[in-house]
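Quick notes on the structure that follows.
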Amino acid sequence: MQELPVLFAQQGAQSDASGMVFLVVYLAFIVLIIAGMWAMFEKAGKPGWASIIPIYNVIVLLEIAGKPVWWILFYFIPCANIIVAILVSIEVAKNFDKGVGFALGLALLPFIFYPILGFSDARYRAPSL
C-alpha cells in the first residue's frame, strides 16, 4: 500500500518534465513567429516592435495587406476570423510576390513561413489602392 504514493510521485515528475519540454517548444515557436514578423514588418516599412503588441500587430498586418483597418472586427467573429486570416495572408503573400501556396503556409504554419518571408530576399510592393 505504501508503494502507491511513490508511483504517483514518479508520474508527477514525468508530467512536470514533459510539461517543461512542451513549454520550451511552444516558446521557441512563438519566438520564431515574432522574429519573422518583426523582419517582415521592417521590410514593409513598418516598425518591427509592432509585431509584439497584441491587436496592434494585426492592424499593422492589415495595413501591409492593403485591407481596411475595420477588418480587425472580423478577427473577433468565430469562423469568420479563419477566413479573414487566410484572405489577409493571401494579400500579404501577393505584396511580397509570393503565391497562394505560400499564403496558406503563412496562415497554417506561421512559425515556418513568417521567418522565411522576413529573412529571405523577398521585397515588399505596397498594394495599389
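The values are calculated or read from the model by the stated rules, or taken from the named source; none is laboratory data. Since the model is a prediction, treat every value here as computed from it, not as a measurement. Accessible surface areas use protein heavy atoms only, side chains included; no ligands, DNA or RNA. Shrake-Rupley method; radii C 1.70, N 1.55, O 1.52, S 1.80 Å.
Only Cα pairs under 8 Å and 6+ residues apart enter the sum, and on that basis the relative contact order of the stretch 36-129 stands at 34 percent.
Taking the structure as given and computing Kirkwood radius over Cα pairs in Å, which label from (i) 16.4; (ii) 18.2; (iii) 15.8 fits? Entry (i).
Surface composition of the stretch 8-129: carbon and sulfur atoms hold 73% of the protein heavy-atom accessible area at a 1.4 Å probe. Probing with 1.4 Å while keeping every protein chain in the model, the per residue accessible area of the stretch 16-77 equals 60 Å².
Normalising the average separation of contacting C-alpha pairs (under 8 angstrom, six or more residues apart) by the number of residues puts the relative contact order of the stretch 17-77 at 18 percent. What the phi angles of the stretch 76-92 give under the Karplus curve with 6.51, -1.76 and 1.60, with θ = phi - 60°, is a coupling list of 9, 9, x, 6, 5, 5, 5, 5, 5, 4, 5, 4, 5, 4, 4, 5, 4 Hz, glycine and proline written as x. Where is the GNM fluctuation largest for the chain (alpha-carbon springs, 10 angstrom cutoff): Val21, Val88, Val69? Answer for the Gaussian network model of the chain: Val21.
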